[in-house]
Each structure stands twice: as structure tokens, then as C-alpha cells.
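The values are calculated or read from the model by the stated rules, or taken from the named source; none is laboratory data. Because the structure is a prediction, the values reported are computed rather than measured. Quick reminder, even Gly has a Cβ in these numbers, built from the backbone with ideal geometry, and neighbours come from all protein chains shown.
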């Protein structure tokens, strides 16, 4: 017996929300995106029967909804990730320092560009393969590979910076 | 990735990432594994990447509210016909009767689902040319109990032809507009604070839907086969009117008129 449409989509809501957060960087907007996505999916006359195709279809709907919103603001996801900055981060191979836990990761992700957050969310949160992510993003698999490695380097750097606690200025000195 | 290409080089950062993700083919993965086993720095990087991946997977945050709320049973008064009311006699009508809104009509899926049913029911009725009675309209608005705007759309040749208060608690006000070229537009006001405030466009079978919220009232606008540009202008005009609760400014009325002049009749 086929799964009911609502039950079927419910299995992906958390991952869709994580992906939406990575795109929007805002919880309320992310919730709106998931709701838009769910409405469009539930209103579709046909849905992919294959489960992996269905998952990719859902994420594509959500991404399209986000991109449509950006277009209305005359922006794009890629526009927010200058390539020079990305290369500079990738060349600086991240070191070993810095506590990695979900809190430092959340703060680190928030400091990344949307394009970097997106690729990390697709691979690590949503569980897409490089090939699946490449289809979703309409890029070559090699682009996914390089973009992801740069994004993780940037994330590690952000986490390390987050772990650096600035020294307190000495007291007793007058600042003139 | 083909491992032979990199046989003479230690794995780079990109390759280590692919290794952690299980994206390398068997030969390449074996070569990276051997390199990692013999190089403490590479081993630390792989361990760090694995920790990072695991922490990202655990970093998901709870949503600020339901992402897909359950659809409540649709309740209809069955007395829609008794609430047919008079068209608005020029100008927008705003009613400021306040009362607490204890009940909600649900979030976007709920609101749209209810709107679809009411819209379809209305479309199945024969078109009416005479406007509903003004007295009954005022009674419905009073029973609805929240400030709500039913804009005058006569500039775009749409006139109120149907008004119904629906639901056991009268929580949905349905206003139907008739055009002169086959267009039938439904505007629904719902006692519902859960819809996002911003105007949202959603495609639906047969046409488009716009959803938004103004204060304690959520609105859904539906039409079948209407020119999307015309509907966008209408939705924007109504949204602004529902936020201001005052008659539409002259430029908006002009835009409404022009949207009709430049559009095709409704189809479908």
C-alpha cells in the first residue's frame, strides 16, 4: 500500500528544515520555505515513485522557492560567495585547534556564505551523495567536491576563530 | 575519482574530504587509507573532518513551529447560502469590532485547503449577478469579529457577488468577486495568526493562490485561469488594503484598472 502524501513528506521535514536554514540563515524564513515546499509537493499532480528521486524532488522544490525569492531581490546564492575569498580559505589548510561540537558548528555555519552552508547541508545534513547534489545544484560532480572541501575549510577556520578568546585589556591604564 | 592520477602525490584536502564522505572508488580509497596510516598529520586531518561531519549532523535546530501541521476536519456551516450579502456600495469596508481570537483556522496548508474547498463550492454554484444584501454582510462581519478589509475591486471590474461566513465558530469569511470576462476570485479572511505576514505566491491546480496575514487575520486569494500579472496586482492591492484598513489610494486603483486592460479573459 502506498504511503499517504503527508506521511511521506513528514519523513523529510527535519532535513528540509536544516537545508532551509542553510539557505536562508533565518529560522522563520526557513519555516516558511519548508511550508511552501510542502504545499507545492502536496499540491503536485504527480510525485516521483522512487524514494531517492522523491527526496531530490522535494529539495529541488525548496531550493527553487528560495531562488525565486532571491531573484525578486535581484540576488543569487553564488553571488554571496566570492570565489577569491573561497580560494584563500582553501589554501590556508585548517589546523588542529578548536573545539568541534554542535554549538561551535552552528556558530561557524552562521558565519559562512550561503553557498558554503548549502553544500555542507546537502551532503552532511540531507545525506546526498556528490552525484545527487551535483544534479540538484546543476553543476559538475567535481564542482561539488571542490566547493564542499572549501566550505569545510572555511567552517573549520570559523570554528577556530570562534575558539580564540581575546585577552582582556589590562586595568589601571588610562586611555587618552 | 581515479586514484591512479594521484599515485605519486599525497592526498590533498579535497581528496581527504571525499575519503571521509565515502566518495572515492575502491582503489583511490585504499591509497588514501595507506597514506593516512603512514602520516600523522593526514590522520589528524581525517579525524578532524570526521568529527566535523558528525557535529554538523548533530547541529540541527528545532523549527520555531509546526512545519506541516495536521489538517483539521473541514467544518462547514452548511448555511452558506443564508449569508449571501450585498455588494459593497463603493469604497472599501473596514470593520473594527474587536474580540479575542481564541480559535485558529490553521497554518498555510490548512488555510489553503479550506480555501480550495470553499472556492470550488462557490464555483459550482450558478453565477449570480445581483449583489448580496448589505445588512447581512454587516452581520457577518460583526460575527467574524475582527478588523477585516473587503476591498472594492470595481476598478478592475470585479464586484462582490458572494459572501459567506463559514465554520462552527464563523472563523472563515469567504467573499467571492465576479468579473465581466469569466473571472471569479475568492478572498478568504480567516481568524488565524499562524500564517506568515509576508505575501506568498503558491501555484495550485488551475491557477494561483496568494496568502498573507495582517494582524490577527490571515487572507487567502484564489482565482482560476487569471492572467498572473493581473492577479499579482490585485493581490498586492488587497494586501496593502488589509494592512491599512483604509480605501485604496488613487495610484493603486489606476494600477488595478490597467491590470485588467492589459490582461486576457480568465480561462479554464
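See the values below:
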quantity	calculated
Residue match in the stretch A:151-165 (condition: assigned to a loop (DSSP other than H, G, I, E, B) and either over 25 Å from residue A:61 (Cα atoms) or modelled with pLDDT under 90 (or both))	yes
The stretch B:193-214, subset over 9 Å from the mean Cα position of the chain (by Cα), over 17 Å from residue A:28 (Cα atoms) and more than 9 Å from chain A (Cβ to nearest Cβ), residue surrounded by the fewest Cβ atoms within 10 Å (Cβ to Cβ)	B:206
Any chance residue B:246 is modelled with pLDDT under 85 and either farther than 23 Å from residue B:117 by Cα or within 14 Å of chain A (Cβ to nearest Cβ) (or both)	yes
The one condition in (1) under 18 Å from the mean Cα position of the chain (by Cα); (2) more than 9 Å from chain B (Cβ to nearest Cβ); (3) modelled with pLDDT under 85 that residue A:101 fails to fulfil	(2)
Residues satisfying the stated conditions in the stretch B:11-60, i.e. at the interface with another protein chain (Cβ under 8 Å from one of its Cβ atoms), closer than 18 Å to residue A:131 by Cβ and assigned to a loop (DSSP other than H, G, I, E, B)	B:21, B:23
Check on residue B:81, at pLDDT below 50, in a helix (DSSP H, G or I) and surrounded by fewer than 16 Cβ atoms within 10 Å (Cβ to Cβ)	yes
Lone qualifier among B:28, B:34, B:55 - being at pLDDT 50 or above, exposed (fewer than 15 other Cβ atoms within 10 Å of the Cβ) and farther than 30 Å from residue B:249 by Cα	B:34
Failed item, numbered, when residue A:66 is tested on (1) within 22 Å of residue A:156 (Cβ to Cβ); (2) modelled with pLDDT under 90; (3) more than 10 Å from chain B (Cβ to nearest Cβ)	(1)
Residue in the stretch B:218-237 that is within 12 Å of another protein chain (Cβ to nearest Cβ) and either at pLDDT 90 or above or out of contact with any helix residue (DSSP H, G or I) (no Cβ under 6 Å at 6 or more places or on another chain) (or both) present	yes
Candidate set: the stretch A:11-52, residues that are in a helix (DSSP H, G or I), within 11 Å of another protein chain (Cβ to nearest Cβ) and farther than 25 Å from residue A:114 by Cα; chosen: the one modelled with the lowest pLDDT	A:43
Failed criterion for residue B:205 (all others in (1) farther than 25 Å from residue B:66 by Cβ; (2) free of Cβ contacts under 8 Å to residues at least 40 places away in the same chain hold)	(1)
Per-region count, the stretch A:100-136, residues farther than 23 Å from residue B:11 by Cα, touching a residue at least 60 places away in the same chain (Cβ under 8 Å) and assigned to a helix (DSSP H, G or I)	11
Within the stretch B:164-268, strands (runs of 3 or more DSSP E) holding 2 or more residues that are within 25 Å of residue B:131 (Cα to Cα)	B:172-178, B:184-191, B:207-214, B:217-224
Residue match in the stretch B:119-126 (condition: outside any helix (DSSP H, G or I) and modelled with pLDDT of 70 or more)	yes
Yes/no for residue B:65 being more than 14 Å from chain A (Cβ to nearest Cβ) and either out of contact with any strand residue (DSSP E or B) (no Cβ under 9 Å at 6 or more places or on another chain) or modelled with pLDDT of 90 or more (or both)	no
Condition check for residue A:139: farther than 20 Å from residue B:13 by Cα and assigned to a loop (DSSP other than H, G, I, E, B)	yes
